[in-house]
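The values are calculated or read from the model by the stated rules, or taken from the named source; none is laboratory data. As the structure is a prediction and not an experimental result, all values here were calculated from the model. Please note: Cβ atoms are built from the backbone with ideal geometry, for glycine as well, and neighbour counts cover all protein chains shown. SASA here: full protein model, heavy atoms, side chains in, ligands and nucleic acids out. Shrake-Rupley method; radii C 1.70, N 1.55, O 1.52, S 1.80 Å.
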Amino acid sequence: MNLRSLVLTKKTIFFAVLFYGTVLNAQNAISGHIDWEDGASDASRIYLVKLDLSQLENIKYGKEVTWSQVADDGSFSFQKKHFADKDAVYQLYVHRLEKALRDSLVRSTPFILSNRDSMHFDGGDAPFSVYSTSNLADKEWKRLREFEMGLERAEAGSHGDFPALKGYTKDSLQILIVKLIGIRQLADKSLLDQDIAKNPDYYLALLAELRESGLPSRDFAFLEKHMAYLSIEEVQRDFALSKTINILLGTLVLGLVGFIVIGKRRKPILSDLSKQERNVQNLILAGKSNKEIANELFISLSTVKTHITSIYSKLQVSNRQELLQKGKI
């Protein structure tokens, strides 16, 4: 074989390997490498589990999807055909023989993935500790985790109720499955009933959106239960202080209401609107569309619709025209 033929053969082999690797990687939703700190590689299989959204902390309620053989070099992969078309929560785990005494369970952090995405686990200080992903919902969930960790550090040694978590969950989370995870965490921290009482319109709109989303009803059944059994007595007990303040200020409130009814020249009272709702209302009065409002405030279109529903309820109007007319008074 002459030199020219040899070079041509090497190029052919190189491009064939490159093409095969690209095609193979395109078929994989998950790829990665697992290392043990002690250098041992006694786990031959990695299992993929689809978690129940209502039991994210308990892997035993998950459904085992498939497993991957770990190669001699510690590499593993899972093909896209094993993942759902829509975002779902998964977890990886291995059974590792621990000094011939018992099996220890080593697992990844739960993550969100679909068959449209790709994910890669890099070698880290511990198995599954470092990964990259193309899934936007998982990236948003990671930011929520980081926010919670920051709150926990700030609240270390105290018994704070993490009120900032409520605002972050409602205003900063845009992807529905991640927002539902955040709402469930509010329930786990006994903050949900209180927030539903303060923001019933928001939760009614969210529940309607969840019912139309295609998510399994069991995933948000807990929210329906909290909204169905929240009694007037619980609201009164949770907000006794606010009620007392309202009684003390009753005369002033009646005076303001009387002035508005008689004069009809003042703009609608905005004290019940949140800061973000006032921003949305001002943009509506300025003639902006829902899409333009979403772009200007850096929020999703669904969040804009939620704010508008709340504004209509609080200002007792039924449509945009009535809101515009009321803003001219």
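So which of V261, V253, V235 ends up being open to solvent by 60 Å² or more (accessible area, probe 1.4 Å), at pLDDT below 70, on the phi < 0 side of the Ramachandran plot and β-branched (V, I, T)? Steps first, please.
Details: V253 fails: at pLDDT below 70; V235 fails: open to solvent by 60 Å² or more (accessible area, probe 1.4 Å).
Just a single option satisfies the conditions, and that option is V261.
Filtered by the rule that a residue be open to solvent by 80 Å² or more (accessible area, probe 1.4 Å) and either under 18 Å from A208 (Cβ atoms) or touching a residue at least 60 places away in the same chain (Cβ under 8 Å) (or both), region 302-317 gives a lone residue, K305.
For region 269-281, the set of residues classified as over 15 Å from D171 (Cα atoms) and open to solvent by less than 90 Å² (accessible area, probe 1.4 Å) consists of I269, L270, Q281, listed by residue number. Exactly one residue out of L97, L105, L51 is under 30 Å from S217 (Cβ atoms) and at pLDDT 65 or above, and it is L51. Note on region 61-143: enclosed strands (runs of 3 or more DSSP E) holding 2 or more residues that are among the small types (G, A, S) are 75-79. Of V49, V89, all but one fail to be open to solvent by less than 40 Å² (accessible area, probe 1.4 Å), touching a Pro at 6+ places or on another chain (Cβ under 6 Å) and under 30 Å from Q185 (Cβ atoms); the exception is V89. Going through (1) open to solvent by 60 Å² or more (accessible area, probe 1.4 Å); (2) among the hydroxyl-bearing types (S, T, Y); (3) at pLDDT 90 or above one by one, Y61 falls short only on (3).
Is it the case that region 322-329 has a residue that's under 26 Å from L176 (Cβ atoms) and either open to solvent by less than 60 Å² (accessible area, probe 1.4 Å) or among the aliphatic types (A, V, I, L, M) (or both)? No - not one qualifying residue is present in region 322-329. Looking across region 129-170, the residues that are of a type in the set (K, R) and either at pLDDT 85 or above or closer than 28 Å to D35 by Cα (or both) come down to K139, K142, R143, R145. Selection of region 66-96 for residues being among the aromatic types (F, W, Y) and either touching a His at 6+ places or on another chain (Cβ under 8 Å) or on the phi > 0 side of the Ramachandran plot (or both) yields only F76. Between residues in region 75-92 that are under 21 Å from Q55 (Cα atoms) and residues that are open to solvent by 60 Å² or more (accessible area, probe 1.4 Å) and part of a strand (DSSP E or B), which pairs lie under 7 Å by C-beta distance while being six or more apart or on different chains? Matching pairs, first to second residue: A88/K50; Y90/K50; Q91/R107; L92/R107.
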